[in-house]
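The values are calculated or read from the model by the stated rules, or taken from the named source; none is laboratory data. Computed from a predicted structure; not experimentally measured. Please note: Cβ atoms are built from the backbone with ideal geometry, for glycine as well, and neighbour counts cover all protein chains shown. Note: accessible area is taken over every heavy atom of the protein model, side chains too, but ligands, DNA and RNA are not part of it. Shrake-Rupley method; radii C 1.70, N 1.55, O 1.52, S 1.80 Å.
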Amino acid sequence: ASADLAPAYAALILADDGQEITADKLTKIMDAADVEVEPIWASLLAKALEGKNVKELLSNVGSGGGAPAVGGGPAPAAGGGAPAPEEKKEEEKKEEKEESDDDMGFGLFD
């Protein structure tokens, strides 16, 4: 199990040190730790993290994906108006659909 996580830990070490995450650097760290991992995993992880700020990814883990941590509302339109009415219609349709599920004539425990 620790060998499976070794590339991720190596990437965290590089990110903490402020270095670019490359397959070569990941492999060097894993070799220094005497952990054997197939080279493909290091290159896949390096490609997946290419151009990404790992520290920022870690700080946004619980905030619902790539959304900003503060002010999570939708960005205003170019005209500065309110959100599009289509969004409200979609929400109303969802609510109606949820309500219609209750009117099926039977319940879960009937």
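Run down Glu86, Glu50 and say which single residue is modelled with pLDDT of 80 or more and either open to solvent by 40 Å² or more (accessible area, probe 1.4 Å) or part of a helix (DSSP H, G or I) (or both). After applying the criteria, what remains is Glu50. When Pro7 is tested against (1) of a type outside the set (Gly, Ala, Ser); (2) in a helix (DSSP H, G or I); (3) modelled with pLDDT under 90, only condition (3) is not met. Taking the range 7-28 as the range and being out of contact with any Asp or Glu (no Cβ under 9 Å at 6 or more places or on another chain), among the hydrophobic types (A, V, I, L, M, F, W, C) and either open to solvent by 40 Å² or more (accessible area, probe 1.4 Å) or within 18 Å of Leu58 (Cα to Cα) (or both) as the test, the residues that pass are Ala8, Ala10, Ala11, Leu12, Ile13, Ala15. Would the range 35-45 turn up any residue that is farther than 15 Å from Leu5 by Cα and under 22 Å from the mean Cα position of the chain (by Cα)? Checked against the condition, which is being farther than 15 Å from Leu5 by Cα and under 22 Å from the mean Cα position of the chain (by Cα), the range 35-45 yields no hits at all. Can you confirm whether Lys93 is at pLDDT 90 or above, among the charged types (D, E, K, R) and either touching a Pro at 6+ places or on another chain (Cβ under 9 Å) or not in a loop (DSSP other than H, G, I, E, B) (or both)? No: the conditions fail for Lys93.
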